[in-house]
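Here's the structure we're looking at; comments come further down.
The values are calculated or read from the model by the stated rules, or taken from the named source; none is laboratory data. Since we're looking at a predicted model, the values are computed, not measured. Cβ: placed from backbone, ideal geometry, glycine included. Neighbour counts: every protein chain shown. Heavy atoms of the whole protein, side chains included, go into the accessibility calculation; ligands, DNA and RNA do not. Shrake-Rupley method; radii C 1.70, N 1.55, O 1.52, S 1.80 Å.
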4 protein chains.
Amino acid sequence: MSQVVILINLKTYGEGLGRNAHRIAGAAETVASESGALIGVCPQMVDLHPLAHHFNVPVYAQHVDGFAQGAATGHTSAESIRLAGAVGSLINHSERRLNLAEIDASVRACEKNGLTSVVCTNNVATSAAAAALNPSYVAIEPPELIGSGISVAKADPGIIQGSVDAIRRVSDDVRILTGAGIQSGDCVRIATELGTDGVLLASSVVKADDPEVVLRDLVSQL
Amino acid sequence: MSQVVILINLKTYGEGLGRNAHRIAGAAETVASESGALIGVCPQMVDLHPLAHHFNVPVYAQHVDGFAQGAATGHTSAESIRLAGAVGSLINHSERRLNLAEIDASVRACEKNGLTSVVCTNNVATSAAAAALNPSYVAIEPPELIGSGISVAKADPGIIQGSVDAIRRVSDDVRILTGAGIQSGDCVRIATELGTDGVLLASSVVKADDPEVVLRDLVSQL
Amino acid sequence: MSQVVILINLKTYGEGLGRNAHRIAGAAETVASESGALIGVCPQMVDLHPLAHHFNVPVYAQHVDGFAQGAATGHTSAESIRLAGAVGSLINHSERRLNLAEIDASVRACEKNGLTSVVCTNNVATSAAAAALNPSYVAIEPPELIGSGISVAKADPGIIQGSVDAIRRVSDDVRILTGAGIQSGDCVRIATELGTDGVLLASSVVKADDPEVVLRDLVSQL
Amino acid sequence: MSQVVILINLKTYGEGLGRNAHRIAGAAETVASESGALIGVCPQMVDLHPLAHHFNVPVYAQHVDGFAQGAATGHTSAESIRLAGAVGSLINHSERRLNLAEIDASVRACEKNGLTSVVCTNNVATSAAAAALNPSYVAIEPPELIGSGISVAKADPGIIQGSVDAIRRVSDDVRILTGAGIQSGDCVRIATELGTDGVLLASSVVKADDPEVVLRDLVSQL
């Protein structure tokens, strides 16, 4: 089986900014080294460069604009995040949604810059649609699981299973992440058993007293 | 072969508002009756009800909001356009783009209200993505053809052909419209030869001195 | 003192659509006639024309696009709502926010079409900013009062008072509405005592078993 | 008279990214030191930290989100740009427009973080509205001058003069920048004679063969 992926979205949490981002990246480096899992971090834009240079972890932007060509003040070009050392970017996160043409442009801009694209979706139909754009990953974030305290280990995993099936009808290649409801090693194991390549998660790591402890639990059943 | 579809988008042209909208709907009714083509009109919201009631032509909204549930001031619910007599709606037109979750919600709201959904797209990849949402129609509007004066009859039709192929890999059922570069009966014929079910067009009809003459030319080679 | 204004926003409530919109417009006509208050209704777009023609009440759109010039599919031009019989429009409602240039364009489009513009705002600073655009009305909707069940009659009216003061430093002319927290005749009276010209409200009328009873209560202390 | 301000917006130009951004910041440092003008640079997000630490020039973000509180993936918090070393941010640039509530929130977030806020506007009315929000600066960018090749030194400066007058009716305190049509030292002098505190410009510096030469010309008549 391929390497399990754990992406940590630092969002705009104070607990994931500056020195705190460094602390989380350090924990990711340690636990990745111990476990063999691929553990990546998605910091705010200003932390891309320092994290990419100080830690041996893959760093992803939280957003990238495909149409950021020259005169796009306040936008984020794929070239800029690549130069900063990012290896990829989230695209269309539920907190930063894009229109369909923009998602496609962002995926293409990632391709052109050698960056991994992770398109977030909210249900079965949009997961299939995202897969049709041929990104590196589709990350399924069912709104009923986001920030709900409900874990996929206990909730009905039908939406994840249904999304995986719908994505596979469109593409054999795109990789898939379970993007909500991840709280423990049980959840990560179930996510992989459902046919996804790993998980995208946020607060359970970012707001933890000790991120390293949480990360060790997340990889404990791999 | 199934009935060829010609959708006339009145946009927000003065030439397509109020009495002018009536004139175009009247021409559509006449030419549809003569030719057997399905000729629909997409007026501004305020003209949906009068056109649907005064003419025997299918009337479509230019936009519908899937998330317009109760407290969505200034938005357009599928229920409202259905009550006004519309039979469907454009969704995600290049001049009114939606995010991916919104497009899906609009398509689902149309389904639930028995309305035809016509999702507009801009290239091969987004056409396949839209097809994965399972709307009634995908209307392909390559930006390089919109308002260009270039007709698909003369330009390289590769983008239409490529989009049709990509859509068919995702869905056998969704119908397809050629949504730009349509200026004459030649264009409509070529659009159907490329595997699309008809055309979506605007200014060439709306701004014509005599819309009936233009419509008669459009259906002349069917 | 000038005529007190009561604007009823029907939003996208099922209780405010089609026949239900007619029922509310009928109640508004009756109570306006009895009381001398100006009672207007803001229906969905498709109901603008029927309400404007069947009832002797001023009808307002819930949204209008200032930049809707010709090729703006899915948008709402000021000309279209004027032709439908509307006398004005809400602009920048909290459920349909616009950027600053768009708000200005919508206000100017209303001016040009002889329509009343009602710009909604969310706090003291944005109320002053909206007033600087010189619309017909600023409607203050403090988020802490929207849908809260808290009435301005009982809550600290400081935010309304502060907004009125800030607006008056910018403009002597613009009229002002209290746009949230209105549930009774007490609230309407207090809104006028605070220096506003009336109220903008929604669910308490739209969702009432008998809108006429609620409207009669609203005007009872004028 | 107070220190003249020259803000250089690097946009998403390749000529203003990474090493190229360093080159421009270096030129700004040199010419500021020679002339006494305040010369600031507005790079892409990833360059905020390196420029702020390597050069003795004030660095501004091109955009900041006021509502970026904790769970706002892909957005830019004021805290993040402050930590990166920025002294302020553009807000509502014509290429990154915000709704009115968002502009206010961004200005307030800058205030709270001790950052300079520069709100961009497009005409007389929106300049007055922005001033009512009490930012540090209003930067007037008339669309008819942006990228037009028309300089304020030669064009009718009525729109700048009218905006300054409208801003002063609302606020005595807010500083003002001329945000388009700046190509030479003549333009900068005229901008200050019209009552603005300086200029915001982009391509004429960023795309110059030698930014230092252009900057020296810009400050030549102060």
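A few notes on this one:
- Cα centroid separation - the range A:1-80 against the range D:61-116, whole Å: 20 Å
- Gyration tensor analysis over the Cα atoms of the range C:6-46 returns equivalent ellipsoid semi-axes of 19, 10, 6 Å (largest first, whole Å).
- Quotient of the Cα radius of gyration of the range D:1-94 and 2.2 N^0.38 Å, N being its number of residues: 1.09.
- For chain A, DSSP calls about 0 percent of its internal beta bridges antiparallel.
- Å² of accessible area per residue within the protein assembly as shown, as computed with a 1.4 Å probe and no ligands counted: 35 Å²
- The string of couplings for the range A:53-61 from the Karplus curve (6.51, -1.76, 1.60, θ = phi - 60°) is 9, 9, 10, 8, 9, x, 10, 10, 6 Hz, one whole number per residue in order, with x for Gly and Pro.
- Distant-in-sequence amide H partners of residue C:39 (H built 1.01 Å from N, under 5 Å): C:6
- Near residue C:177, the amide H atoms lying under 5 Å from its own belong to C:138, C:139, C:140, C:197; only residues 5 or more places off or on other chains count, and H is placed 1.01 Å from N.
- Neighbour net charge for residue C:217 - beta-carbon separation under 15 angstrom, K R +1, D E -1: -2
- Global form of the protein assembly as shown, assessed from the alpha-carbon gyration tensor, a/c cut-off 1.5: rounded
- Where only DSSP H runs of four or more residues are counted, chain B gives -11500 deg cm²/dmol as its mean residue ellipticity at 222 nm, each run worth -39500 (n - 2.57).
- For the range B:82-92, backbone phi angles converted through the Karplus equation (6.51, -1.76, 1.60; θ = phi - 60°) give residue-by-residue couplings of 5, 4, 6, x, 5, 9, x, 7, 5, 9, 6 Hz, Gly and Pro being listed as x.
- Projected label distance in nm at residue C:207 and residue C:172, using a 7 Å step from Cα toward the beta-carbon: 4.3 nm
- Kirkwood Rh in Å, taken over all unlike Cα pairs in chain D: 17.1 Å
- In the range C:5-218, the portion of solvent-accessible area held by carbon and sulfur atoms comes to 45 percent [1.4 Å probe, whole percent, DNA, RNA and ligands not counted].
- Here's the list of aspartates and glutamates a cross-link from residue A:11 could span, going by alpha-carbon distance under 14 Å and ignoring same-chain residues fewer than 8 apart: A:47, A:95, D:65, D:79.
- GNM on chain A, alpha-carbon springs under 10 angstrom: the most fluctuating residue among A:31, A:170, A:199 is A:170.
- The antiparallel fraction among DSSP beta bridges confined to the protein assembly as shown stands at about 5%.
- Less than 5 angstrom separates the built amide H of residue D:88 from those of D:61, D:116, all sequence-distant by 5 or more or on a different chain.
- From phi via Karplus (6.51, -1.76, 1.60), per-residue ³J(HN,Hα) for the range A:183-189 in Hz, x at Gly/Pro: 10, 7, x, 4, 4, 5, 4
- Computing FRET efficiency as 1/(1 + (r/R0)^6) for residue A:69 and residue B:67, where r is the C-beta to C-beta distance and R0 is 35 Å, gives about 0.70.
- Label point 7 Å beyond Cα along the C-beta direction, distances from residue A:154 to other copies (nm, shortest first): 3.7, 6.8, 7.2
- The mean sequence separation of alpha-carbon pairs under 8 Å and at least six residues apart, normalised by the residue count of chain B, gives a relative contact order of 19 percent.
- Label-point separation in nm, residue C:19 to residue A:221, each point 7 Å along Cα→Cβ: 5.4 nm
- Inter-centroid distance (Cα atoms) of the range D:152-219 relative to the range C:121-162, Å: 36 Å
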